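The structure appears below as structure tokens.
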Amino acid sequence: MQKFFWAVVLAAGLGTSASAQKTTTSAPKSYSAAGKQVQVYTTAAGSQLRLSATDKLSFKEVGQPLETQPTIFVDPTHTFQTMVGIGGALTDASAETFAKLPKAQQQEFLQAYFSPSQGIGYTLGRTNINSCDFSSDTYTYVQDGDKELKTFSLKHDEKYKMPFIKQATAAAGGKLTLYVSPWSPPAWMKDTKNMLQGGKLLPEFRQSWADYYVKFIKAYEKAGIPIWGLTVQNEPMAKQKWESCIFTAEEERDFVKGYLGPTLKKGGLADKKLIGWDHNRDLAFQRAATLFDDPEASKYFWGLGYHWYETWTGSGMQFDNLRRVHETYPDKHLMFTEGCVENFKFDNVQDWKLGERYGYSMINDFNAGTVAWTDWNILLDETGGPNHVGNFCYAPIIGDTRSGKLIYTNAYYYIGHFSKFVRPGARRIATASSRDVLQTTAFLNPDGKVAVVVMNQTDQEQPFQLWLKGQAAQATSRPHSIMTMVVN
């Protein structure tokens, strides 16, 4: 299966040059699909198709579409947000699992995720400041009570995580847009004296904690790992059995405007993208209003991060909450900072719903204005860990440390239908479907290619036409499939 997949993508020659990634796409004043070809890539249930080149389509001039004709309408002359990137989290768990794999599988893994030509071209990464649930133990970078942070050391990260991030960056062509997030301050900085089970940052340690972010970022950059941005706090309204810390909206606002924002600026890190909230869609608007309606706090924020937990049952994923944030604060950026399927069971790693979960979220998140999308752990072992509190989850690729083999879930391919074909600098363009069984989003890439993603979660095949400015190409969406249509 994997050899077939790599042969297909290599033959397709779909890599995007580094220079193209730096270019921001502008909307064409006019667009014609006449004479253009459409290369279709498909992943489908009940088949061997996994990001496979399946069809080459041609456009022909058509008249007014009929209501009886299922149609995907795309208009590249109307553009929206500019994409930053798509990727996943490089956690302690991912790094430790990676280290246990044979060298050949390590190289296969790096190519599978980060190569734009031989894999799915991840360009975005997230990693943890201090330990998180997907660490093998609880740790910080300073000794207890060191308010001045004189004992700060990255010795813990130097064993697995930092080498892993460097190898991923090299596989991505030497550049990875990396941002960092804390799950908890050191226990002695909190009112509970515990990194786990929530608790709050004590007022007397606000400055020390702000200094901690600067120490971490500068130490990583000194070690050769550039940091693009940071979130204030992972899941600030959740008391978790793992590392967690509570910030109300007002507390996050005041910490940023009084401590973190000025400290980043004073430390020469004002260019780092500061992301608020970093929690679920449900309370996103209230958090955005509190952070962004205060001018002194708002000036430090680049945007708002969000997760998908507790809001993902059926149609209740509250994408409209993102739209309200985007409409109300158009100068701020929406960023999906974490999501995974929980309650890992090894026997279910090929469950088709895993991938459909990603496709459904990504299409709707992008259509709501999201500029960057980050999966959770990019690699976990056969237990759904390691995880020091038993919170085992799925990852798109499972590294079976017993056999030394990689297991590709269909979530890997579903994400790849976006990350491989929607490159940094792409602009989302206008698209609409005349049938609710076909979900879609579309982008204009820096190289001028249009990428249209179409997903079908039903049991039925659905013929349709791809319609661009009076030109249409005939296509078919297979049952339980996702397809990317690249207009050259």
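A few comments on the model shown:
- Peptides 345-352, 409-416, ordered by how many other C-beta atoms sit within 10 Å of their residues on average, highest first, read 409-416, 345-352.
- By other beta-carbon atoms within 10 Å, ranking HIS388, HIS156, HIS307 with the fewest at the front produces HIS156, HIS388, HIS307.
- With the cut-off at under 12 Å, measuring from each backbone N in segment 128-168 to a point 7 Å along the Cα-to-Cβ line of LYS222 picks out 150-155.
- Here the relative contact order of segment 85-421, from alpha carbon pairs under 8 Å that lie six or more residues apart, stands at 20 percent.
- Sites ASP436 and HIS78 - FRET efficiency at Förster radius 25 Å, r taken between beta-carbons, to 0.05: 0.70
- If you take all other residues with their beta carbon under 10 Å from the beta carbon of GLN81, and give Lys and Arg +1 and Asp and Glu -1, the sum is +2.
- The chain, helix-only ellipticity at 222 nm - DSSP H runs n ≥ 4, -39,500 (n - 2.57), divided by all residues, nearest 500: -7500 deg cm²/dmol
- All other residues whose Cβ lies under 12 angstrom from that of GLN167 are scored, Lys and Arg at +1 and Asp and Glu at -1, for a net of +3.
- Efficiency of FRET from Cβ geometry, ASP271 and ASP351, R₀ 60 Å, rounded to 0.05: 0.90
- Within the shell defined by Cβ-Cβ distances under 11 Å, the residues around MET237 carry a net charge of -4, with Lys and Arg each +1 and Asp and Glu each -1.
- Estimated distance in nm for a label pair at ASP293 and ALA170, the labels positioned 7 Å out from Cα along Cα-to-Cβ: 5.1 nm
- Most positive-pole-ward Cα, GLY359, VAL341, GLN118, against dipole of the chain from beta carbon charges: GLN118
- Expressed to the nearest 5 percent, the antiparallel share of DSSP beta bridges inside the chain is 60 percent.
- What you get for the chain, charging only the Cβ of Lys and Arg (+1) and of Asp and Glu (-1), is a dipole of about 1380 debye around the Cα centre.
- Placed amide H near THR401: partners under 5 Å, 5+ positions off or other chain: GLU382
- Angstrom value of the Kirkwood radius, inverse mean 1/r, which spans all Cα pairs in the chain: 23.0 Å
- The loop-placed GluC sites (Glu not before Pro) in segment 85-170, going by DSSP, that have at most 12 neighbouring Cβ atoms within 10 Å of their Cβ come out as GLU148.
- A simple rule links phi to the HN-Hα coupling: the Karplus curve 6.51 cos²θ - 1.76 cosθ + 1.60 with θ = phi - 60°, which for segment 154-161 gives 9, 3, 4, 6, 5, 6, 10, 5 Hz, with x for Gly and Pro.
- Residues whose amide H falls under 5 Å from that of ASP278, counting only those 5 or more places apart or on a different chain, are GLY305, TYR306, with hydrogens built in the peptide plane.
- Between segment 40-58 and segment 250-320, the alpha-carbon center distance in angstrom: 39 Å
Each reported figure results from applying straightforward, stated rules to the coordinates on display, with no laboratory input. From a predicted model like this one, the values you see are computed outputs, not experimental measurements. Virtual Cβ from ideal backbone geometry, glycine too; neighbours counted across all protein chains shown.
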